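In what follows, a structure is listed as structure tokens, so that the remarks can point back to it.
The values are calculated or read from the model by the stated rules, or taken from the named source; none is laboratory data. Treat the numbers as computed from the prediction; the structure is a model and nothing was measured. In this analysis, Cβ positions are derived from the backbone assuming ideal geometry, glycine residues included, and neighbour counts consider all displayed protein chains. Note: areas computed on protein heavy atoms with side chains; ligands, DNA, RNA excluded. Shrake-Rupley method; radii C 1.70, N 1.55, O 1.52, S 1.80 Å.
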There are 2 protein chains.
Amino acid sequence: MTSRHILLNAFTMNSVGHINHGLWTHPRDRSGDYTRLDYWAELARTLERGLFDGVFIADIIGVYDVYGGSVDLTLRESIQLPVNDPLLLVPAMAAVTRHLGFGVTANINADQPAIFARRLSTLDHLTNGRVGWNIVTGYLDSAARALGQAGLAAHDSRYDQADDYLDLVYKLWEGSWDDDAVVADKARRFYSDPAKVRRVVHEGPFYRSEAYHLSEPSPQRTPVLYQAGTSGRGQLFAARHAECVFITATDKASARRQSDALRRAALDAGRRAEDLKIFVGVTVVTDRTEKAAREKFEDYRRHASPEAGLAHFSASTGIDFSRIGLDDPIAYGASNAVQSTTKLAKDKGWTKRQILAELAMGGRYPLIVGDAAHVAGELESWIDEAGIDGFNLTRTVVPESYENFIDIVVPELQARGRYKTAYAEGTLRERLFGEAARLPTRHYGSRFRHLRN
Amino acid sequence: MTSRHILLNAFTMNSVGHINHGLWTHPRDRSGDYTRLDYWAELARTLERGLFDGVFIADIIGVYDVYGGSVDLTLRESIQLPVNDPLLLVPAMAAVTRHLGFGVTANINADQPAIFARRLSTLDHLTNGRVGWNIVTGYLDSAARALGQAGLAAHDSRYDQADDYLDLVYKLWEGSWDDDAVVADKARRFYSDPAKVRRVVHEGPFYRSEAYHLSEPSPQRTPVLYQAGTSGRGQLFAARHAECVFITATDKASARRQSDALRRAALDAGRRAEDLKIFVGVTVVTDRTEKAAREKFEDYRRHASPEAGLAHFSASTGIDFSRIGLDDPIAYGASNAVQSTTKLAKDKGWTKRQILAELAMGGRYPLIVGDAAHVAGELESWIDEAGIDGFNLTRTVVPESYENFIDIVVPELQARGRYKTAYAEGTLRERLFGEAARLPTRHYGSRFRHLRN
């Protein structure tokens, strides 16, 4: 069911702090250079040297204001604030690479569908088919208020809205221009064939539009679709739309439950189990020897901020942990963040003291510390035991955490036959799935081809 | 009143056809490469070699469907369709240049203010302060329908909406973060100072928002503001907001009337006449000798499409010229495009035959054909007689039209002391105005600094 080769994304954000909070204070950390183009270009070159499948760029359009009821710690520790636009990094990173893929996060509430469809088509053109979209419906009240809404819509209604949004962008990406619509024949003065381009008409419950897609067909048309929702409704959404699913799990058994459920849902939706590539977020600290790796970890953790990690966790769960005693039982029922259901179920009976201990590196992702053999073995066992396809590798101290992984772990995985030794040719979708550049016909989005008004 | 040095933007669009329609069919024209990053990177390098102040990237988010009541000719001749997102070109062009400015067009109906504010701040960071925004309120019914609106709002109401949009983005750009809010002190674990970052609250007639600006202060904060409206209401808008104004004029006298009116309006708004840099769109065809330039022009015009130019003009004026006889009087009163008022007043009494004759190069911009001395002399006389500051140089056959201008005209202008011989240092605003990187205090937007909730 899983790929022979482990798939690998670098997990990052156009910000200082991302997952492992506090590490921006490490003397060697350069995440404060996030406003510089050359920083991102260098990162892209590094990742392509390491044969990473992609860089996955997270995003939020609100702020974390649950912990202590303010943004004070968020600002002091730069907990995903400031955060700049992720899409604008892609052209500069694509210009210096040939194969690296780009998974960009975009909230459906941020952009109108027709405008967003063109934006992604533009990126797919400019990258020659290397773009993926991480579909986000939003979970922050502060984001809704920034956009002039009274507050966040109900969870399931957000997925209904996302379904409608997807229907419209599929029509634009898949249905507005035929494959052979662009002729570009200079001698005949014939750029596009009007008989092969059509206006999309959409009247959905949330969106309406009458529009020609403004972009001519790009290599992939629909970008590779990523999604991260693991609630019941989120799984239904993923089963219909997602090609790559990003899950968070603190142990392999939890990841196994999620991946099994997702693949069953995909089968129920008429797709194949392997039509979903499932990625787990992990943190790796490695060095040439076990001892050196442990020492590096101890050095890193002295710069990490468990409290900042807790503030981030407050925003994810809606629980203000600043008001909870170290050993009080956590009233997880108070959470309004449905995305965290699975995590909270597991957290049952935990105390803040235990959570803080897990946040030694400032983030709650599974932590693997060790030399090449140890890390490679752990990653293999995650793949095999959890039934997943790959990893979103968080950053710790950048860029050295990527460089260490590439120089130390990648050769070991290659020696074990678990990692590619060269990129395959083709678009991101072709490389991930070994099939065509466009959505397969068994994907829901393919039904929007050959629209006729 | 005008600068000693002529200001110069390359005027382009993320599309095949832009102003001089039909020239994409010229054997040497490469505008069909617009989907390639290396095409844009090469163009940026060329323009920086020529010391261009900026590249001004036009945009539309609708289609031209007035001529013949369809998009048929629009598609066949690629009259700004397909058209890709302009902002995504900037990071790739900025990565290979140090001084070139970027004027990007964005319609206020396309993006929500808080999201857009972050997008432009991101670009201002990544370009190190080289970004301008061409504020567009939209004039195409097809764009409104693409966004799910019943149709285009009334002209003056669009400017009221734009005023409200600007108030909100000023608050985010100028008021949300103090200059010294970002400390980034690793030893003290202190990235931003919560006492110096505040939430913006906006309750306007069109927009409401409660938001922290997501981006830390960028070099210019508010990007350099461009605007192109020249109606009465448009002039009022420009007088309040614009720093650069792009006007279209078929002769110097008309340009003079517009520039005088704009500068008067700026004075009335408490600004200086020279606070507006005024650019006129022109088309130049040049070569080493007058004879070679004339021959090049004859070669180009054989590939131009006056009919495509007419279809574009139909969209600008709302008049379907396909239904009008060559020598019939033009019922310009039928126009619903208020932006074109000044142009149509001038066009009074014209016939389609005369308009087609003016469209020899496929576009209606003033055409200057000749050797270095002739072109330089004409540009100087436009500057001096029309009271303007510079030009938006349209493309004809690309990239050679830019290369010709740089190799032939620029040295002549430099010899005459009318063009810089090196870039000044600093942000785009500093280079254009010789003042600070941020809006001057006499600009309306500056009053949104130091907000207190």
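Could you check how much of the accessible area of the protein assembly as shown is carbon and sulfur, as a whole percent, using a 1.4 Å probe? Summing carbon and sulfur atoms, their accessible area is 48 percent of the total for the protein assembly as shown.
If R0 is 22 Å, what FRET efficiency do you get for A:V201 and A:D179 from their C-beta distance, rounded to 0.05? Rounded to the nearest 0.05, the efficiency is 0.55. Counting 0.36 nm for each residue step from A:R98 to A:D299 and taking away their Cα separation leaves a gain of 68.8 nm. Projecting the Cα atoms of A:Y212, B:A187, B:W133 onto the charge dipole of the protein assembly as shown, computed from C-beta unit charges around the Cα centre, puts A:Y212 farthest toward the positive end.
Dipole orientation for the protein assembly as shown: of the candidates A:S254, B:P91, B:V104, A:S254 has the Cα lying most toward the positive pole (charges on Cβ; Lys, Arg +1; Asp, Glu -1). Burial here means at least 40 square angstrom less accessible surface with every protein chain in place than with the chain by itself, probed at 1.4 Å; in the range A:63-78 the buried residues are A:L75, A:R76.
With the Kirkwood sum run over all distinct C-alpha pairs, the protein assembly as shown has a hydrodynamic radius of 28.6 Å.
With all protein chains kept in place, the per residue accessible area of the range B:357-452 amounts to 35 square angstrom at a probe of 1.4 angstrom. For chain B, the share of DSSP beta bridges that are antiparallel, to the nearest 5, is 20%. Ascending distances from the B:R98 label point to its copies in the other chains, with the point 7 Å along the Cα-to-beta-carbon line: 3.0 nm.
Copy-to-copy label distances for A:S381, where each label lies 7 Å from Cα along Cα-to-Cβ, are 8.5 nm in order of increasing length. Close amide H contacts of B:Y212 (hydrogens built in the peptide plane, cut-off under 5 Å, sequence separation of 5 or more or a different chain): B:V200. Local charge for B:T12 was computed over the other residues whose Cβ lies under 11 Å away, with Lys and Arg +1 and Asp and Glu -1, and equals 0.
The Cα center of the range B:54-115 and the Cα center of the range B:171-236 differ in position by 25 Å.
Backbone amide hydrogens, once placed in the peptide plane, bring A:M13 within less than 5 Å of A:A58, excluding anything fewer than 5 places away on its chain.
Modelled this way, with points 7 Å down the Cα-to-C-beta line, the labels at A:T421 and A:A273 are 3.0 nm from one another. Shielding of peptide A:214-222 by partners, expressed as the average count of other chain Cβ atoms within 10 Å per residue Cβ, is 4. A crude spin-label estimate for the pair A:A357 and A:K186, with each label 7 Å from Cα along the Cβ direction, gives 7.2 nm. What you get for the range A:107-200, charging only the Cβ of Lys and Arg (+1) and of Asp and Glu (-1), is a dipole of about 520 debye around the Cα centre.
Each stretch of four or more DSSP H residues adds -39500 (n - 2.57); spread over every residue of the protein assembly as shown, this sum gives -10500 deg cm²/dmol at 222 nm.
Each Cα pair under 8 Å and six or more residues apart adds its separation to the average, and for the range B:262-329 the resulting relative contact order is 13 percent. Working note: Cα gyration tensor of the range A:209-267, eigenvalues times five, square-rooted, sorted largest first, giving semi-axes of 30, 12, 10 Å. Farthest toward the positive end of the dipole of the range A:344-450, out of A:Y444, A:L393, A:I408, is the Cα of A:Y444, where the dipole comes from beta carbon charges about the Cα centre.
Got a sec? Which residues of the range A:171-205 lose 10 Å² or more of accessible surface with every protein chain in place, vs. that chain alone, 1.4 Å probe? With the partner chains in place, the range A:171-205 has these residues losing at least 10 Å²: A:W177, A:K186, A:R189, A:F190, A:Y191, A:S192, A:P194, A:V197, A:R199. Kindly tabulate the residues in the range B:132-152 with an accessible-area decrease of at least 50 Å² between the chain alone and the assembly of all protein chains, using a probe of 1.4 Å. Those residues are B:R145, B:A146, B:L147. For the chain pair A and B, the buried solvent-accessible surface (1.4 Å probe, both sides summed) amounts to about 6400 Å². In the full protein context, the range A:115-272 carries 32 Å² of accessible surface per residue, based on a 1.4 Å probe and ignoring ligands, DNA and RNA. Overall, the range B:343-449 carries a charge dipole of about 840 debye about its Cα centre when +1 sits on the Cβ of Lys and Arg and -1 on the Cβ of Asp and Glu, all other atoms neutral. Taking θ as phi - 60° and the Karplus parameters 6.51, -1.76 and 1.60, the scalar couplings of the range B:10-20 work out to 7, 9, 8, 7, 7, 7, 7, x, 10, 10, 8 Hz in sequence order, x denoting glycine and proline. If one computes P(r) from the Cα atoms of chain B, what percent of pairs lie at distances over 30 Å? Counting every Cα pair in chain B, those more than 30 Å apart make up 43 percent. Using a cutoff of 8 angstrom between alpha carbon atoms and counting only pairs six or more residues apart, the relative contact order for chain A works out to 24 percent. Chain A's nearest residue to the axis relating it to B, judged by Cβ and reported with the distance in whole Å, is A:P91, 2.
Taken about its Cα centre, the protein assembly as shown carries a charge dipole of roughly 340 debye when the Cβ of each Lys and Arg holds +1 and the Cβ of each Asp and Glu holds -1. The mean sequence distance of close C-alpha pairs (under 8 Å, at least 6 residues apart), as a share of the length of the range B:138-214, puts its relative contact order at 25 percent. Label-point spacing for B:T421 across the identical copies (point 7 Å from Cα in the Cβ direction), in nm and ascending order: 5.9.
Among beta bridges from DSSP that stay inside the range B:1-150, the antiparallel ones total about 5%.
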